[in-house]
Amino acid sequence: MQSEKATTRTRWAEQSIAAFLSMPLISEFVFSSPQTIDGTQREVADFLVSYGDPGLLISLKSQEDPGSRTPERDAAWVRKTAKEAVRQLHGALRTGNARPMWCDHARRGRVEFPDGLPRIAHGIVLVETLQPVVLDGSSDDLPLQYQGTPVSYFSVNDFLNVTLQLRTLPEILEYLDRRRALPLVDLRTVGEENGLFGFYLLNGGTFEGCLSIADARIMVAAQNERLNEVLRRKSEADSYSTLMEHVAHELATRLPNHLDSLPPELAAMFDSDGQRANYLEMQRVLATLRLPERVELGRAFESTARQLAHEQEGFIYRAAFFDSQPGRVYVVGSSKTIDRPRVLSRLSALALGAMAHYGKGECFAVINRDCAGYEVEFARGKTEPTLAAHAIGDTLFGKLRVETRALQLVPNEK
(Lines give C-alpha, C1' and ligand atoms only; values in the text may rest on other atoms or scores of the structure.)
Protein backbone atom coordinates (compact mmCIF):
# COMPACT_ATOMS: atom_id res chain seq x y z
CA MET A 1 0.00 0.00 0.00
CA GLN A 2 2.83 2.44 0.84
CA SER A 3 4.56 1.70 -2.46
CA GLU A 4 1.32 2.31 -4.38
CA LYS A 5 0.80 5.59 -2.54
CA ALA A 6 4.34 6.73 -3.30
CA THR A 7 4.01 5.83 -6.96
CA THR A 8 0.67 7.64 -7.19
CA ARG A 9 1.97 10.84 -5.60
CA THR A 10 5.22 10.79 -7.60
CA ARG A 11 3.22 10.50 -10.80
CA TRP A 12 0.91 13.30 -9.66
CA ALA A 13 3.88 15.56 -8.86
CA GLU A 14 5.51 14.92 -12.24
CA GLN A 15 2.26 15.53 -14.12
CA SER A 16 1.54 18.71 -12.16
CA ILE A 17 5.02 20.13 -12.71
CA ALA A 18 4.93 19.26 -16.41
CA ALA A 19 1.58 21.05 -16.74
CA PHE A 20 2.92 24.09 -14.87
CA LEU A 21 6.07 24.33 -17.01
CA SER A 22 4.03 23.87 -20.18
CA MET A 23 1.98 27.03 -19.66
CA PRO A 24 4.68 29.65 -20.29
CA LEU A 25 7.28 27.41 -21.98
CA ILE A 26 4.73 25.94 -24.45
CA SER A 27 3.62 22.34 -24.05
CA GLU A 28 5.06 21.02 -27.32
CA PHE A 29 8.60 21.66 -26.04
CA VAL A 30 8.23 20.31 -22.49
CA PHE A 31 8.99 16.58 -22.44
CA SER A 32 8.34 14.32 -19.47
CA SER A 33 10.40 11.22 -18.74
CA PRO A 34 12.82 10.96 -21.69
CA GLN A 35 13.57 7.25 -22.22
CA THR A 36 16.35 5.16 -23.75
CA ILE A 37 17.36 1.53 -24.10
CA ASP A 38 20.50 0.71 -22.11
CA GLY A 39 20.22 -3.04 -21.81
CA THR A 40 16.72 -2.35 -20.54
CA GLN A 41 14.41 0.59 -21.00
CA ARG A 42 15.13 3.35 -18.50
CA GLU A 43 14.25 6.97 -17.76
CA VAL A 44 17.24 9.32 -18.13
CA ALA A 45 15.66 12.38 -16.46
CA ASP A 46 12.28 13.67 -15.35
CA PHE A 47 11.91 16.63 -17.73
CA LEU A 48 13.53 18.00 -20.85
CA VAL A 49 12.71 21.49 -22.12
CA SER A 50 14.03 22.07 -25.61
CA TYR A 51 13.16 24.03 -28.73
CA GLY A 52 15.94 22.23 -30.56
CA ASP A 53 19.22 23.45 -29.10
CA PRO A 54 20.09 24.12 -26.32
CA GLY A 55 17.91 22.39 -23.73
CA LEU A 56 17.21 22.28 -20.01
CA LEU A 57 17.40 18.88 -18.28
CA ILE A 58 15.67 18.42 -14.92
CA SER A 59 15.87 15.68 -12.29
CA LEU A 60 13.10 15.74 -9.67
CA LYS A 61 12.82 14.25 -6.19
CA SER A 62 9.40 14.59 -4.58
CA GLN A 63 8.28 13.47 -1.14
CA GLU A 64 5.86 10.64 -0.49
CA ASP A 65 4.14 12.47 2.35
CA PRO A 66 5.15 16.15 2.66
CA GLY A 67 4.85 17.46 6.18
CA SER A 68 5.29 14.09 7.84
CA ARG A 69 8.96 14.69 8.68
CA THR A 70 10.40 16.93 11.36
CA PRO A 71 12.48 19.86 10.01
CA GLU A 72 15.66 17.95 10.87
CA ARG A 73 14.56 14.77 9.06
CA ASP A 74 13.27 16.81 6.13
CA ALA A 75 16.69 18.49 5.75
CA ALA A 76 18.41 15.10 5.90
CA TRP A 77 16.06 13.76 3.21
CA VAL A 78 16.76 16.79 0.98
CA ARG A 79 20.54 16.38 1.32
CA LYS A 80 20.37 12.68 0.52
CA THR A 81 17.99 12.88 -2.43
CA ALA A 82 19.77 15.87 -4.00
CA LYS A 83 22.81 13.61 -4.40
CA GLU A 84 20.64 10.89 -5.94
CA ALA A 85 19.09 13.39 -8.39
CA VAL A 86 22.45 14.73 -9.53
CA ARG A 87 23.67 11.20 -10.17
CA GLN A 88 20.73 10.75 -12.52
CA LEU A 89 21.75 13.95 -14.33
CA HIS A 90 25.32 12.66 -14.55
CA GLY A 91 24.16 9.53 -16.31
CA ALA A 92 21.99 11.47 -18.75
CA LEU A 93 24.72 13.98 -19.57
CA ARG A 94 27.34 11.24 -19.89
CA THR A 95 25.39 9.04 -22.29
CA GLY A 96 22.71 11.42 -23.58
CA ASN A 97 24.13 11.69 -27.09
CA ALA A 98 25.34 8.10 -27.29
CA ARG A 99 22.02 6.37 -27.99
CA PRO A 100 18.56 7.21 -29.39
CA MET A 101 15.93 8.51 -26.96
CA TRP A 102 12.23 9.27 -27.04
CA CYS A 103 9.36 10.75 -25.07
CA ASP A 104 5.65 10.04 -25.11
CA HIS A 105 4.14 13.51 -25.37
CA ALA A 106 0.52 14.27 -24.48
CA ARG A 107 -0.07 16.43 -27.59
CA ARG A 108 2.64 15.29 -30.02
CA GLY A 109 2.54 11.56 -29.37
CA ARG A 110 5.86 9.71 -29.47
CA VAL A 111 8.71 12.16 -30.11
CA GLU A 112 11.99 10.62 -31.23
CA PHE A 113 15.47 11.91 -30.52
CA PRO A 114 17.43 9.63 -32.90
CA ASP A 115 20.77 11.29 -32.08
CA GLY A 116 20.16 11.35 -28.34
CA LEU A 117 19.44 14.39 -26.23
CA PRO A 118 19.92 17.86 -27.72
CA ARG A 119 22.78 19.90 -26.32
CA ILE A 120 21.97 20.67 -22.69
CA ALA A 121 22.65 24.25 -21.60
CA HIS A 122 21.89 23.60 -17.92
CA GLY A 123 21.05 20.74 -15.58
CA ILE A 124 18.59 21.31 -12.73
CA VAL A 125 18.17 19.30 -9.53
CA LEU A 126 14.73 19.83 -7.99
CA VAL A 127 13.94 18.63 -4.48
CA GLU A 128 10.62 19.06 -2.70
CA THR A 129 10.94 20.99 0.54
CA LEU A 130 9.29 24.01 2.13
CA GLN A 131 12.25 25.06 4.23
CA PRO A 132 15.72 26.39 3.34
CA VAL A 133 18.35 23.65 3.34
CA VAL A 134 22.10 24.01 2.88
CA LEU A 135 23.25 20.92 1.02
CA ASP A 136 26.41 19.34 2.35
CA GLY A 137 28.85 17.16 0.50
CA SER A 138 31.94 17.28 -1.65
CA SER A 139 32.11 18.73 -5.14
CA ASP A 140 31.95 15.13 -6.36
CA ASP A 141 28.63 14.57 -4.56
CA LEU A 142 27.13 17.96 -5.43
CA PRO A 143 28.94 19.24 -8.54
CA LEU A 144 28.19 22.65 -9.95
CA GLN A 145 29.06 21.43 -13.42
CA TYR A 146 29.45 18.12 -15.18
CA GLN A 147 31.47 17.73 -18.37
CA GLY A 148 31.08 21.43 -19.03
CA THR A 149 27.31 21.60 -18.31
CA PRO A 150 26.35 23.84 -15.34
CA VAL A 151 24.21 22.24 -12.63
CA SER A 152 21.95 24.19 -10.25
CA TYR A 153 19.97 23.13 -7.18
CA PHE A 154 16.44 24.40 -6.37
CA SER A 155 13.45 23.54 -4.27
CA VAL A 156 10.47 22.67 -6.47
CA ASN A 157 8.49 25.69 -5.30
CA ASP A 158 11.35 28.12 -5.98
CA PHE A 159 12.03 26.85 -9.48
CA LEU A 160 8.36 26.98 -10.44
CA ASN A 161 8.17 30.56 -9.16
CA VAL A 162 11.23 31.52 -11.22
CA THR A 163 9.66 29.89 -14.28
CA LEU A 164 6.39 31.72 -13.71
CA GLN A 165 8.19 35.06 -13.46
CA LEU A 166 10.66 34.63 -16.33
CA ARG A 167 8.29 32.67 -18.61
CA THR A 168 10.78 31.95 -21.42
CA LEU A 169 13.67 29.52 -21.71
CA PRO A 170 16.15 32.22 -22.86
CA GLU A 171 15.28 34.32 -19.80
CA ILE A 172 15.57 31.33 -17.44
CA LEU A 173 18.94 30.32 -18.86
CA GLU A 174 20.25 33.86 -18.48
CA TYR A 175 19.07 33.92 -14.85
CA LEU A 176 20.81 30.61 -14.17
CA ASP A 177 24.03 31.81 -15.81
CA ARG A 178 24.10 35.08 -13.88
CA ARG A 179 23.22 33.31 -10.66
CA ARG A 180 26.53 31.42 -10.93
CA ALA A 181 28.30 34.52 -9.58
CA LEU A 182 26.99 33.71 -6.06
CA PRO A 183 29.25 32.12 -3.43
CA LEU A 184 29.59 28.34 -3.71
CA VAL A 185 27.69 27.68 -0.47
CA ASP A 186 24.73 29.65 -1.83
CA LEU A 187 24.79 27.67 -5.06
CA ARG A 188 24.31 24.56 -2.91
CA THR A 189 21.40 26.03 -0.93
CA VAL A 190 17.75 25.36 -1.77
CA GLY A 191 14.63 27.16 -0.56
CA GLU A 192 16.11 30.68 -0.43
CA GLU A 193 15.26 31.97 -3.89
CA ASN A 194 12.76 34.70 -2.99
CA GLY A 195 15.43 37.09 -1.78
CA LEU A 196 17.74 36.30 -4.70
CA PHE A 197 15.04 36.80 -7.30
CA GLY A 198 13.91 40.02 -5.64
CA PHE A 199 17.50 41.30 -5.82
CA TYR A 200 17.64 40.29 -9.49
CA LEU A 201 14.53 42.30 -10.34
CA LEU A 202 15.56 45.34 -8.29
CA ASN A 203 19.03 45.29 -9.83
CA GLY A 204 17.89 45.36 -13.44
CA GLY A 205 18.28 41.64 -14.12
CA THR A 206 21.76 41.09 -12.72
CA PHE A 207 23.42 39.91 -9.50
CA GLU A 208 26.12 42.57 -9.61
CA GLY A 209 26.94 43.65 -6.07
CA CYS A 210 25.17 40.67 -4.47
CA LEU A 211 27.56 39.20 -1.91
CA SER A 212 25.36 36.34 -0.68
CA ILE A 213 21.84 35.12 -0.05
CA ALA A 214 21.90 36.99 3.27
CA ASP A 215 22.97 40.17 1.49
CA ALA A 216 20.13 39.83 -1.02
CA ARG A 217 17.63 39.27 1.78
CA ILE A 218 18.72 42.48 3.54
CA MET A 219 18.53 44.55 0.36
CA VAL A 220 15.09 43.25 -0.54
CA ALA A 221 13.76 43.90 2.97
CA ALA A 222 15.08 47.47 2.82
CA GLN A 223 13.37 48.08 -0.54
CA ASN A 224 10.14 46.17 -0.03
CA GLU A 225 7.88 48.97 -1.30
CA ARG A 226 9.97 49.39 -4.44
CA LEU A 227 9.94 45.62 -5.04
CA ASN A 228 6.14 45.54 -4.74
CA GLU A 229 5.91 48.29 -7.35
CA VAL A 230 8.32 46.41 -9.65
CA LEU A 231 6.26 43.22 -9.27
CA ARG A 232 3.07 45.15 -10.02
CA ARG A 233 4.50 46.55 -13.26
CA LYS A 234 5.90 43.18 -14.20
CA SER A 235 2.58 41.43 -13.60
CA GLU A 236 0.85 43.94 -15.86
CA ALA A 237 3.44 43.43 -18.59
CA ASP A 238 3.30 39.62 -18.26
CA SER A 239 -0.38 39.68 -19.22
CA TYR A 240 0.75 40.58 -22.75
CA SER A 241 3.17 37.66 -22.73
CA THR A 242 0.34 35.30 -21.81
CA LEU A 243 -1.57 36.56 -24.86
CA MET A 244 1.21 35.35 -27.17
CA GLU A 245 1.46 32.12 -25.17
CA HIS A 246 -2.25 31.60 -25.81
CA VAL A 247 -1.63 32.01 -29.54
CA ALA A 248 1.12 29.38 -29.35
CA HIS A 249 -1.09 26.89 -27.49
CA GLU A 250 -4.01 27.46 -29.86
CA LEU A 251 -1.76 26.52 -32.79
CA ALA A 252 -1.70 22.96 -31.45
CA THR A 253 -5.32 22.39 -32.44
CA ARG A 254 -7.37 23.21 -35.50
CA LEU A 255 -11.08 23.34 -36.19
CA PRO A 256 -12.45 20.28 -38.01
CA ASN A 257 -13.92 22.60 -40.66
CA HIS A 258 -10.83 24.78 -41.07
CA LEU A 259 -10.80 24.35 -44.87
CA ASP A 260 -14.50 25.11 -45.40
CA SER A 261 -15.19 27.98 -47.82
CA LEU A 262 -11.51 28.34 -48.76
CA PRO A 263 -10.48 28.41 -52.42
CA PRO A 264 -7.83 25.85 -53.44
CA GLU A 265 -4.93 28.35 -53.38
CA LEU A 266 -5.67 29.22 -49.73
CA ALA A 267 -6.42 25.64 -48.68
CA ALA A 268 -3.01 24.62 -50.07
CA MET A 269 -1.32 26.83 -47.47
CA PHE A 270 -2.31 24.44 -44.66
CA ASP A 271 -0.50 21.25 -43.64
CA SER A 272 -2.47 18.05 -44.04
CA ASP A 273 -3.79 16.63 -40.76
CA GLY A 274 -1.18 13.86 -40.75
CA GLN A 275 1.79 16.12 -41.51
CA ARG A 276 1.48 19.11 -39.19
CA ALA A 277 5.06 20.39 -39.15
CA ASN A 278 4.43 24.09 -39.72
CA TYR A 279 2.55 24.62 -36.48
CA LEU A 280 5.61 23.51 -34.51
CA GLU A 281 7.74 26.04 -36.38
CA MET A 282 5.22 28.77 -35.58
CA GLN A 283 5.17 27.76 -31.92
CA ARG A 284 8.97 27.72 -31.84
CA VAL A 285 9.07 31.31 -33.09
CA LEU A 286 6.96 32.49 -30.15
CA ALA A 287 8.61 30.19 -27.61
CA THR A 288 12.15 31.40 -28.33
CA LEU A 289 11.36 35.09 -27.90
CA ARG A 290 12.84 36.82 -24.86
CA LEU A 291 10.24 37.87 -22.30
CA PRO A 292 10.40 41.63 -23.07
CA GLU A 293 10.02 40.79 -26.78
CA ARG A 294 7.03 38.57 -26.13
CA VAL A 295 5.52 41.30 -23.95
CA GLU A 296 6.05 43.99 -26.58
CA LEU A 297 4.55 41.84 -29.32
CA GLY A 298 1.55 40.99 -27.12
CA ARG A 299 1.06 44.65 -26.26
CA ALA A 300 0.98 45.61 -29.95
CA PHE A 301 -1.37 42.69 -30.70
CA GLU A 302 -3.79 43.64 -27.93
CA SER A 303 -3.83 47.26 -29.08
CA THR A 304 -5.14 46.29 -32.51
CA ALA A 305 -8.12 44.45 -31.01
CA ARG A 306 -8.78 47.37 -28.67
CA GLN A 307 -8.84 49.82 -31.60
CA LEU A 308 -11.55 47.74 -33.28
CA ALA A 309 -13.66 47.28 -30.15
CA HIS A 310 -16.21 49.96 -31.08
CA GLU A 311 -16.09 49.53 -34.85
CA GLN A 312 -18.60 47.58 -36.94
CA GLU A 313 -15.93 46.35 -39.34
CA GLY A 314 -12.22 46.79 -39.77
CA PHE A 315 -8.71 45.45 -40.24
CA ILE A 316 -5.83 46.91 -38.24
CA TYR A 317 -2.23 45.74 -38.07
CA ARG A 318 1.18 46.72 -36.71
CA ALA A 319 4.74 45.60 -37.47
CA ALA A 320 7.62 44.96 -35.07
CA PHE A 321 11.16 43.67 -35.22
CA PHE A 322 13.85 43.10 -32.64
CA ASP A 323 17.61 43.63 -32.65
CA SER A 324 18.11 40.06 -31.41
CA GLN A 325 16.50 38.73 -34.62
CA PRO A 326 17.81 40.92 -37.44
CA GLY A 327 16.37 38.68 -40.16
CA ARG A 328 12.73 38.55 -39.00
CA VAL A 329 9.76 40.91 -38.92
CA TYR A 330 6.54 40.37 -36.96
CA VAL A 331 3.09 41.54 -38.02
CA VAL A 332 0.18 41.46 -35.57
CA GLY A 333 -3.35 42.56 -36.29
CA SER A 334 -7.08 42.19 -35.79
CA SER A 335 -10.04 41.90 -38.11
CA LYS A 336 -13.75 42.37 -37.52
CA THR A 337 -16.64 41.05 -39.63
CA ILE A 338 -14.37 40.26 -42.58
CA ASP A 339 -14.81 36.79 -44.03
CA ARG A 340 -12.03 34.28 -43.45
CA PRO A 341 -10.82 33.91 -47.06
CA ARG A 342 -10.25 37.68 -47.25
CA VAL A 343 -8.44 37.66 -43.90
CA LEU A 344 -6.13 34.87 -45.08
CA SER A 345 -5.44 36.68 -48.37
CA ARG A 346 -4.56 39.87 -46.49
CA LEU A 347 -2.40 37.89 -44.09
CA SER A 348 -0.29 36.54 -46.97
CA ALA A 349 0.00 40.00 -48.51
CA LEU A 350 1.09 41.45 -45.17
CA ALA A 351 3.81 38.80 -44.77
CA LEU A 352 5.08 39.27 -48.33
CA GLY A 353 5.01 43.05 -48.13
CA ALA A 354 6.62 43.23 -44.69
CA MET A 355 9.60 41.13 -45.76
CA ALA A 356 10.14 43.30 -48.83
CA HIS A 357 9.57 46.66 -47.11
CA TYR A 358 11.76 45.99 -44.06
CA GLY A 359 14.38 43.88 -45.86
CA LYS A 360 13.80 40.74 -43.76
CA GLY A 361 14.04 37.10 -44.80
CA GLU A 362 11.24 35.88 -42.50
CA CYS A 363 7.88 37.13 -41.32
CA PHE A 364 5.69 35.83 -38.50
CA ALA A 365 2.17 37.21 -38.88
CA VAL A 366 -0.91 36.64 -36.73
CA ILE A 367 -4.40 38.07 -37.03
CA ASN A 368 -7.05 37.99 -34.30
CA ARG A 369 -10.15 37.20 -36.36
CA ASP A 370 -13.31 38.57 -34.69
CA CYS A 371 -11.90 37.63 -31.26
CA ALA A 372 -12.90 34.06 -32.15
CA GLY A 373 -9.66 32.59 -33.44
CA TYR A 374 -6.22 33.27 -34.83
CA GLU A 375 -4.91 33.11 -38.37
CA VAL A 376 -1.15 32.64 -38.41
CA GLU A 377 1.49 32.53 -41.13
CA PHE A 378 5.23 32.03 -40.93
CA ALA A 379 6.70 33.06 -44.27
CA ARG A 380 10.27 32.77 -45.54
CA GLY A 381 11.54 34.67 -48.56
CA LYS A 382 13.12 32.12 -50.86
CA THR A 383 14.35 34.71 -53.39
CA GLU A 384 14.96 38.45 -53.58
CA PRO A 385 11.64 40.31 -53.29
CA THR A 386 10.09 41.29 -56.59
CA LEU A 387 9.10 44.82 -57.60
CA ALA A 388 5.50 43.78 -56.97
CA ALA A 389 6.38 42.70 -53.42
CA HIS A 390 8.11 46.03 -52.79
CA ALA A 391 5.05 47.84 -54.10
CA ILE A 392 2.80 45.85 -51.74
CA GLY A 393 5.14 46.58 -48.85
CA ASP A 394 5.28 50.30 -49.56
CA THR A 395 1.49 50.45 -49.77
CA LEU A 396 0.87 48.47 -46.57
CA PHE A 397 3.75 49.68 -44.39
CA GLY A 398 5.10 52.89 -45.92
CA LYS A 399 2.86 55.16 -43.84
CA LEU A 400 3.13 53.33 -40.51
CA ARG A 401 4.62 55.37 -37.68
CA VAL A 402 8.02 54.09 -36.55
CA GLU A 403 8.94 53.91 -32.85
CA THR A 404 12.19 52.72 -31.27
CA ARG A 405 11.99 51.40 -27.72
CA ALA A 406 14.51 49.88 -25.32
CA LEU A 407 13.13 46.61 -23.93
CA GLN A 408 13.62 45.71 -20.28
CA LEU A 409 12.74 42.74 -18.09
CA VAL A 410 10.53 45.07 -16.05
CA PRO A 411 9.11 47.93 -18.15
CA ASN A 412 9.26 51.46 -16.79
CA GLU A 413 6.01 53.12 -15.82
CA LYS A 414 4.51 54.84 -18.87
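Do you know which of the residues in segment 273-308 that are modelled with pLDDT of 95 or more and among the basic types (Lys, Arg) is surrounded by the most Cβ atoms within 10 Å (Cβ to Cβ)?
Only one residue fits best here, namely Arg294.
Test of understanding: among Val162, Val185, which residue is more than 13 Å from Val127 (Cβ to Cβ), in the same structural domain as Lys80 (by TED's automatic domain parsing), among the hydrophobic types (A, V, I, L, M, F, W, C) and touching a strand residue (DSSP E or B) at 6+ places or on another chain (Cβ under 7 Å)?
After applying the criteria, what remains is Val185.
Among the strands (runs of 3 or more DSSP E) contained in segment 309-414, which hold 1 or more residues that are in the same structural domain as Val247 (by TED's automatic domain parsing), surrounded by 14 or more Cβ atoms within 10 Å (Cβ to Cβ) and of a type in the set (Lys, Arg)? Outline the logic, then answer.
Values: elements: 314-320, 328-336, 362-369, 373-380.
Because the criterion is at least 1 residues that are in the same structural domain as Val247 (by TED's automatic domain parsing), surrounded by 14 or more Cβ atoms within 10 Å (Cβ to Cβ) and of a type in the set (Lys, Arg), the strands (runs of 3 or more DSSP E) in segment 309-414 that meet it are 314-320, 328-336, 362-369.
Condition first: of a type outside the set (Val, Ile, Thr) and surrounded by 15 or more Cβ atoms within 10 Å (Cβ to Cβ). Now tell me which residues in segment 65-78 satisfy that. Quick ask: steps written out before the conclusion?
Initial filter on segment 65-78 (of a type outside the set (Val, Ile, Thr)): 65-69, 71-77.
Across segment 65-78, the qualifying residues are Arg69, Asp74, Ala75, Trp77.
Working only within segment 79-96, note down all residues that are touching a Lys or Arg at 6+ places or on another chain (Cβ under 8 Å) and surrounded by 13 or more Cβ atoms within 10 Å (Cβ to Cβ). Please lay out each step first, then the result.
The first filter runs over segment 79-96 and keeps only residues touching a Lys or Arg at 6+ places or on another chain (Cβ under 8 Å), leaving 81-82, 84-85.
Residues satisfying the conditions are Thr81, Ala82, Ala85.
State all residues of segment 109-149 that are within 21 Å of the chain's Cα centre (by Cα) and in a loop (DSSP other than H, G, I, E, B); if no residue qualifies, say none.
Leu117, Pro118, Arg119
For the subset of segment 24-37 comprising residues that are modelled with pLDDT of 95 or more and not polar (S, T, N, Q), which member is nearest to Arg99 (Cα to Cα)?
Only one residue fits best here, namely Phe31.
Can you name the residue in segment 166-181 that is more than 8 Å from the chain's Cα centre (by Cα) and not charged (D, E, K, R) and is also surrounded by the fewest Cβ atoms within 10 Å (Cβ to Cβ) among such residues?
Step by step, filter segment 166-181, then rank; the result is Ala181.
Can you name every residue in segment 22-47 that is over 16 Å from Thr168 (Cα atoms), in contact (Cβ under 8 Å) with a residue 60 or more places away in the chain and among the hydrophobic types (A, V, I, L, M, F, W, C)?
The answer is Ile37, Val44.
Could you list all residues from segment 32-69 that are aromatic (Phe, Trp, Tyr) and within 13 Å of the chain's Cα centre (by Cα)?
Taking segment 32-69 as the starting set, the residues that turn out to be aromatic (Phe, Trp, Tyr) are 47, 51.
Once the filter is applied, which keeps residues that are aromatic (Phe, Trp, Tyr) and within 13 Å of the chain's Cα centre (by Cα), segment 32-69 yields only Tyr51.
Are there any pairs, at least 6 apart or on different chains, whose C-beta atoms fall under 6 Å, with the first in segment 201-224 and within 17 Å of Asn161 (Cβ to Cβ) and the second among the small types (Gly, Ala, Ser) and assigned to a helix (DSSP H, G or I), and if so, which?
The qualifying pairs are Ala216/Gly195; Arg217/Gly195; Val220/Gly195; Val220/Gly198.
Among the residues of segment 233-269, write down those that are in contact with a helix residue (DSSP H, G or I) (Cβ under 8 Å, 6 or more places away or on another chain), assigned to a loop (DSSP other than H, G, I, E, B) and either modelled with pLDDT of 95 or more or more than 18 Å from Ala372 (Cβ to Cβ) (or both).
Pro263, Met269
Read through the list (1) surrounded by 14 or more Cβ atoms within 10 Å (Cβ to Cβ); (2) out of contact with any helix residue (DSSP H, G or I) (no Cβ under 8 Å at 6 or more places or on another chain); (3) of a type outside the set (Ser, Thr, Tyr); (4) closer than 28 Å to Ser212 by Cβ, then give the number of the only condition that Gly123 fails.
If we test Gly123 against (1) surrounded by 14 or more Cβ atoms within 10 Å (Cβ to Cβ); (2) out of contact with any helix residue (DSSP H, G or I) (no Cβ under 8 Å at 6 or more places or on another chain); (3) of a type outside the set (Ser, Thr, Tyr); (4) closer than 28 Å to Ser212 by Cβ, just (2) comes out false.
The values are calculated or read from the model by the stated rules, or taken from the named source; none is laboratory data. From a predicted model like this one, the values you see are computed outputs, not experimental measurements. Every residue, glycine as well, gets a Cβ built from its backbone with ideal geometry; the counts of neighbours run over all protein chains shown.
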